Amino acid sequence: MPFGKFFDWFYTFFGFRKTVRLGIYGSVNVGKTTLANRISKDWTGEEVGKVSHIPHETRFVQKKEKVMIKQDGKNLTINLLDMPGLATKIDYRSFLKYGFSKRAAKQRAREATDGVIEAIKWLNNVDTVLAVMDATQDPLTQVNITLLGNLEAKDIPVILIANKIDKKRARPDSIREAFPQYPVVEISALKGKNMDELYEAIAKYSRRGR
Amino acid sequence: MKLKFNFISSSALDEKPRSKRLSFILNTVKDGTILVTDGVLKADEEMDLIRETMRRVDDGFPGIEVASLKKPTKGVQSVLEKMTDQKERIQNLISGITGSPFEKSSLRTGITLIGPAKFIKRIKKNPNSFSVLTEV
C-alpha cells in the first residue's frame with residue numbers, strides 16, 4: 001500500500017518515530033527462537049525463550065521489548081516478537097516419539113494450533129518481518145509462499161533469513177533462487193555467524209511503528 | 001482404502017461467499033477428499049484457510065496439505081490485480097464500519113490442490129509444477 005510508505009516518511013520526518021515491532025516468522029523448527037535469543041543476547045544479554053528439537057516448542061508469542069540495536073552510529077529500538085511456527089498440520093501422534101504421554105501430546109498439539117492462530121493474528125501488528133527459513137530444507141513450501149504473499153499484500157517489509165548455514169547440507173542459494181524479489185541474509189543463529197549483516201539489513205529495511 | 005478426488009471449477013467456488021467457500025473446502029477435505037480447482041486463493045484467504053484448519057484440528061483430522069501454482073501476471077494485468085485487491089480492501093473496510101460483511105473475492109488464475117494431511121505425505125513443489133505423494 002503506497003500510503004504506508006507515505007505515513008512512514010511522515011512519521012519519521014516529524015519525529016513521531018517509535019519502536020519497530022519486529023516479527024520473527026517461519027515454519028516449525030527453522031530456528032526462530034534461536035535467532036530471537038541471539039539478537040536479544042547480543043543487545044540485552046538476555047534470552048527470549050527455550051529452544052528445543054521437538055517441534056512446536058514455541059506455542060505462544062514471546063516478546064522482548066525495547067531492544068536497542070546500534071548500527072552505523074544510529075540507534076534503532078525494536079520490540080522482538082518470536083512467533084510460534086506456522087503449519088498447516090499438527091498431529092498429536094508426532095509428539096509421542098519424543099516420549100510424551102498421549103494426554104501430554106494432545107495438550108501440546110492443542111496449544112500448538114492455538115499458537116499458529118495467534119501468530120497469524122499478529123500479522124496485523126508487526127512493522128517488519130524476519131521470515132526465517134532453514135537453508136538445509138526446500139524453501140518452496142506453501143507456508144513460506146503464503147506468508148510472503150500476505151506480507152506483500154499488507155506492504156510489510158520482509159527480510160528472508162537463510163538460517164543454519166553452519167550445516168554442510170545448507171544451500172542458501174536455493175532461497176535466493178526461490179524468492180529473488182526479497183533481500184536475503186545468510187546466517188547461523190546458533191553460531192552467531194553473519195549477525196552484523198543481519199543488523200545492517202534490519203536497519204536498512206525496517207519500517208518504524210506508529 | 002480408497003482415495004477420493006473432487007475436481008471443482010473456480011467459478012463454482014467464486015460463487016460462494018468467502019466464509020462459506022472456506023467452510024466448503026474444509027468440510028470436503030475433512031471428509032477425506034482431495035480437492036482440486038483451477039484457481040488460486042488470494043494470500044490472505046489462504047492464511048484464513050490455515051487459521052480455520054487449526055481451529056478444526058482434532059484427533060482424526062491433523063490438518064491439510066496445500067499446493068498451488070498461480071499464473072504469473074505482468075504489466076497491465078498485474079496492475080489491475082493490485083487495483084482489485086485495493087478495491088476489495090476498501091469494500092471490506094466499509095462493510096466493517098456498516099456491519100454488513102463483504103465476502104465476495106475472486107480466485108486468481110492457476111491451480112490448487114488441498115487435501116487431508118493424514119493421506120498426503122509429501123508435496124514437492126517447483127516453480128512451475130508440484131508432485132504429490134499420498135499414502136492411504
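Tabulated data for the structure shown
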read-out: Set of aspartates and glutamates near residue A:63 by C-alpha distance (under 19 Å), chain-local residues within fewer than 8 positions excluded; value: A:42, A:46, A:47, A:82, A:111, A:114, A:118, A:127
read-out: Value of [θ]222 nm, deg cm²/dmol, for chain A, DSSP H segments ≥ 4, -39500 (n - 2.57) each, nearest 500; value: -11500 deg cm²/dmol
read-out: Shape category assigned to the range B:64-136 from the gyration tensor of Cα positions, a/c cut at 1.5; value: oblate
read-out: Förster radius 30 Å - calculated FRET efficiency between residue A:124 and residue A:41, Cβ distance, rounded to 0.05; value: 0.55
read-out: Counting DSSP beta bridges with both ends in the protein assembly as shown, the antiparallel % (nearest 5); value: 55
read-out: Share of Cα-Cα pairs in chain B lying beyond 17 Å, as whole percent; value: 63
read-out: Chain B: calculated mean residue ellipticity at 222 nm from DSSP helix runs of at least 4, using -39500 (n - 2.57); value: -13500 deg cm²/dmol
read-out: Using alpha-carbon coordinates, inclination of helix A:32-44 to the longest axis of chain A, degrees; value: 50
read-out: Environment charge at residue A:165 (Cβ cut-off 14 Å; Lys +1, Arg +1, Asp -1, Glu -1); value: +4
read-out: Base-10 log of normalised Debye intensity for chain A (one unit scatterer per alpha-carbon) at q = 0.11, 0.15 Å⁻¹; value: -0.51, -0.95
read-out: Chain A: angle of helix A:102-121 to the longest principal axis, Cα-based, in degrees nearest 10; value: 20
read-out: Around residue A:41: net Lys/Arg minus Asp/Glu count, Cβ-Cβ under 14 Å; value: 0
read-out: The range B:11-39 and the range B:60-86: distance between their alpha carbon centers, rounded to Å; value: 15
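None of the figures in this text is laboratory data; all of them are computed from the coordinates on show. Small disclaimer: the values here were computed from a predicted structure and weren't measured. Cβ: placed from backbone, ideal geometry, glycine included. Neighbour counts: every protein chain shown.
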